[in-house]
Structure formats: structure tokens, C-alpha cells
1. Please list Leu84, Leu31 in order of solvent-accessible area, largest first, computed with a 1.4 Å probe with all protein chains present.
2. Give me a comma-separated list of calculated 3J(HN,Hα) values for the range 246-259, in order, Karplus coefficients 6.51, -1.76, 1.60 applied at θ = phi - 60°, integers in Hz, x for any Gly or Pro.
3. Roughly to the nearest percent, how much of the accessible area of the range 12-270 is carbon and sulfur, given a 1.4 Å probe?
4. Could you tell me which residue out of Tyr172, Ile135, Pro118 lies farthest along the dipole of the range 12-270 toward its positive end? Charges go on the beta carbon: Lys and Arg +1, Asp and Glu -1, centred on the Cα centre.
5. Connecting C-alpha atoms closer than 10 Å in a GNM of the chain, tell me which of Gly35, Gly335, Gly203 has the biggest fluctuation.
6. Using the crude model of +1 on Lys and Arg Cβ and -1 on Asp and Glu Cβ, and no other charge, please compute the dipole size for the range 108-186 relative to its Cα centre, in debye to 20.
7. Run the helix sum for the chain: -39,500 (n - 2.57) per DSSP H stretch of 4+ residues, divided by residue count, reported at 222 nm to the nearest 500 deg cm²/dmol.
8. Would you mind counting up the charge near Phe45? Only other residues with Cβ under 12 Å from its Cβ, with Lys and Arg at +1 and Asp and Glu at -1.
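The values are calculated or read from the model by the stated rules, or taken from the named source; none is laboratory data. Source: prediction; values computed, not measured. Positions of Cβ are backbone-derived with ideal geometry, glycine not excepted, and every protein chain shown enters the neighbour counts. Protein only, heavy atoms only, side chains kept; ligands, DNA and RNA dropped before computing areas. Shrake-Rupley method; radii C 1.70, N 1.55, O 1.52, S 1.80 Å.
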Amino acid sequence: MANNQNVLFLDLAGLHQELEQELLPIFQKALRTAGFIGGPMVEEFESDFARFCGVSHCAGVASGTDAVRFALMAAGVQPGDIVLTSPLTFIATTEAISQSGALADFVDVDPRTYTLDPEELREYLERNCDFDRSIGRCIHKTMRKRVSAVIPVHLYGQTADMDPILEVAAKYNLTVIEDACQAHGAEYFSKKENLWRKAGSMGQAAAFSFYPGKNLGACGEAGAVTTNDPAVAQKVRMLRDHGQARKYYHDMEGYNGRLDAIQAGFLRAKLLHLANWNQKRREVAARYNARLNHASTRLVLPYEPTWSRAVYHLYVVRAQERNELQEHLTKAGIGTGIHYLVPVHLQKPYRLMGFKEGDYPVAENAAAQVLSLPMYPGLSLAQQDCVIAEIARFEQIDDKALSLQPVARA
Ligand SMILES: *Cc1c(COP(=O)(O)O)cnc(C)c1O
């Protein structure tokens, strides 16, 4: 068992030690001006992040969950509408749908990329919906509700296959809201436009989370909505601030969902590092790919299509004996995660809505087999080698156990 070092799943403390000298003056500046809510720190970050994503507007909000909810509401999703998304996501995606007053329904994922399958989306709409020309919207045949939006989730740092999703969405007049909470800086090659597009620039609006563990993380809670539509941006700015466009004139009821100024300041400083961090994550992934391909015969490695430049928020492999492998790595001092152990449609609130096992088999199979290995920009070569060696060792032990089985039975 003797293992040389522990390998953390994510070393957030190490990263922040390196940033301490950069972040402290920002905190000091906020203390000295007492500009804690709104103000130039927020606006400067918003404008930098909009530029980074290649969009014209960014509105900072209090979390990624608020970002999804406000994006849906600002893009015109109405209470009672159906909003489609992937069952293999964090529950925040579907919470935001429900909290906007809409009803979540699901479309299964592609077995190789784990992102929303455009063909499944097409089939869902063809099979379940009638297009009502008088309102220009799809109506669900049995639920008799408008299907008004779809949220592709750019999972693990890789965008969904957006060209065909946008094409189907245009045909059926669905609003597209990207859940880019795991994909800051990820890129998608649009064949239709013949150019690389950044995550967060392809739908009517997109949601980002700056939860500390994300590729761009605050030192607390934070999120943002990006969009090219000025009206959507304006609506998000009202929703996050009690529905006011001018102080104490409330055009509607909103929320307390603003981005904290100190967090905006931290995020602005960290944004300068993001491209470099993402590049390092890609290097870690490339090395895992090359070495694991040798070391392991049984793992399914991440699949990055030619249209994708993923930013590896997570490095996710698949294994038949996932739980045993995770246990082996844990014993060897290696941190891992499972994203996600239970697909959203099988979580209690959605089971109560009638979803059950077998509804989305691709997502369910993935959930039973996925394992996230240590991944962060500062992961050293030695640490990576340690992970790779332990995976190889697990397979050898397991092979022996398998070959002994007939003897044991005899
Ligand atoms: C993190 C995350 C969210 C929610 O973000 P918070 O900032 O934690 O509210 C939403 N969707 C996905 C896919 C996420 O990974």
C-alpha cells in the first residue's frame, strides 16, 4: 500500500496561497472605500468578463443558480412553461427552472460527451409536441403546456454540440440558455459560422457560476449572466436588484441577487490568470489521456470531439468497477469525485413528479460508471504519475482476483 504522497482532488488552498499578495490589496481597497455592493469593481469585472466570453453584456449575480434562474426569466420563460435540459447535471440547473415557475423535463445525453444529445432533442419535440402557429410555440401534447426553452449544460468543461441544438431550437422556436457554470473559456467550433465560439456566447443568454471550485472561482459565492441581447441584460440587472431600474422605483418584484463588490474585485484579478489555468488543465488532461491509454485497458477516457476545446473543469473517466476503483484510490490517498452519482431525474423531488429508472438510460449508465480524477492547474507531474500508477495497480490486483476465481470455486 505504501504510497509516497497524498493527491488532493482539488487544491484550492494552494492556489490561494499563491494569489494572496494579489488579492489582499483588493480587499483593502474595498474596506477603504466601503464600496461593498455595486460600483466600479462590479462594472469593471462585468466588462472584462463580457470581453473574455466574446459577448456584449455581462451582469454579475450572487450565484450560478441565480444566473440560470434570472437568464430564464429575462429571456421570457413564463410560469407553467416546460424547459428541457440534461438529466446529467448539478441540481441547480433544474432548481432554477422550477424557481422560475417553469417545469423541468429532460432529454438524454450523448454517450461519449455526456452533453445533451441534439438528436434526442429533435425526437422529443417531434414525438411529444405540436407546433401552434398562432403563438409560434411548441405545445406538449399530453401536458398541454408550452415548451419554451432548452438548457444545454456544458458539462465537465466541454460545450454541448451547439450547432445542431441551435438548429433544432430555431425550428421549434425554443429559447436557448447555456448552462456554462463548468465551462469558463471552453470553445466550440461552429461549422455553420466557420469560427470558434466561446461558451456563454451561443445562446440567447448563458449562466456562469464562480463557486470557489469552478475554473474561475470567487472567494465566496458569485455568478454571472452573459448575453448579446441588451434587453435580456437589462432585465437581469433588474431581477438581481429587487426589480428596480432606478433607486426605489420598482417596475416589478425582483430578488436580492447581486454580485458582491469584493468578489467582483477578486474575480477580475483571477480572470487575468484564467487562460493560463485552462491551458494547464488541458496539459494535465493530455498527459492523463496518453498515460492512461497505456496503463489501463478498461477505462473509458474523456472524448473531445474535433469541434471542442474543453477546459477540463473535471477529468472524468468511466469504469465498470467504478466504486471499487474509487475505494482503491481513496485508500492510496488519492481524492476523487463522482459527477453525478444520481442523475437529476432520479433525485427525490423529480421522482415525486413521476420520473423513474430507465427514463434516461444513457445518463443513468454514465452516473453508475463515471469517476472524476484529481484535476487542477497546479497538479504536478509526480502527482499525476501517482494517480496513473495506482489505477494500473488496481487493474493488476483485479486481474489476479478474476483469474483466481475458478480455482477458488473448485
Ligand atoms: C456549479 C453549477 C451550478 C450552480 O452554481 P452555484 O454558483 O453553485 O449556484 C449550476 N449548474 C452547473 C452545471 C454547475 O456546475
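1. From most exposed to least exposed: Leu31, Leu84.
2. Computed from phi, the couplings for the range 246-259 are 10, 4, 6, 10, 9, 6, 7, 7, x, 9, 8, x, 7, 7 Hz.
3. It is 51 percent, rounded to a whole number.
4. Of the options given, the answer is Ile135.
5. Gly35
6. I would put it at about 520 debye.
7. Value at 222 nm, helices only, nearest 500: -13500 deg cm²/dmol.
8. Cβ neighbours under 12 Å give a net charge of -2.
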